[in-house]
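Each remark here refers to the structure printed beneath this line.
The values are calculated or read from the model by the stated rules, or taken from the named source; none is laboratory data. Remember, predicted model here, so these are calculated numbers, not experimental data. All Cβ positions, glycine included, derive from the backbone under ideal geometry; neighbour counts span all protein chains shown.
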Amino acid sequence: MIDETVRGNSSPPGVHDRTSAREAATVLVIEDDPVLRSVLDYNLVREGFRVLTAADGESGLRQARDAAATLDVIVLDIMLPGISGFQVLRLLRNEMDIPVLILSARGEEQDRIDGLELGADDYVAKPFVLRELMARIRAGVRRRAVPAARPPSVLFRGPMRIEIDRRRVEVHESEVVLRPKEYGLLVTLAFEPGKVFSRQNLLDAVWGEDVIVDERTVDVHVSWLRGKLASAGLDGSAIQTVYGVGYRFVGSEDQTPQRPESVGSNEHG
């Protein structure tokens, strides 16, 4: 049934369209197992998605770059022929901020941490429940479709300067290079100094309310963020742990410009 569905589709190879490209969200599946790739393709099309498929890292990267303007979610296997999924993820994160869901038979905790550290938005271990995977993909599409509220263009926190539009962070006038989730955590905490954010608050703000991620993920990313800020010369106590609750940012906001009136929302990410 799956093979007949694919053969009967008039779309170009690797692209199967159930609704118009303008109406359907686009998912790129990079998976070397032909059976699993076909199953995901078939079920995503049934759900109304426009689907791109690739059997290796090189062709997956090429398709991601070609379709970057319309792509909503990437489902990425780790154990790929040629370049690995981790290498693909590293290259993608240097070029675009499209949600990436890792799908891998490697379910060890270190692999999950490595994937999150490289900028993955979610991680699903094989074998998996198809309905759960579809739910996570739909959640990624929703996050991609809803634009974040615009914060002020620049935040000043003591010796730290955050340029929101450029996603650039400086401490003592030296740039601090942060991964997407580290940056999201910093902006969320620094925008409201003194406010205590629970781990779930931070997960909702940075990862998205529909993502199923362990709260320990926040602790790991905060640890990485603290280390980078401390190395740049920011006081290590700037991000404080509120035991049993979560975290808060402690720092001066005297120089912070006022939030523009047009923003009208306290959501950040």
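Hey, does region 177-188 have a residue that's modelled with pLDDT under 90 and over 22 Å from Val73 (Cβ atoms)? So far as region 177-188 goes, no, none of its residues is modelled with pLDDT under 90 and over 22 Å from Val73 (Cβ atoms).
Scanning region 170-215 for residues that are under 13 Å from the mean Cα position of the chain (by Cα) and of a type outside the set (Lys, Arg) yields a count of 16.
Number of residues in region 1-57 that are modelled with pLDDT of 50 or more and either surrounded by fewer than 22 Cβ atoms within 10 Å (Cβ to Cβ) or within 21 Å of Ala69 (Cα to Cα) (or both): the value is 33.
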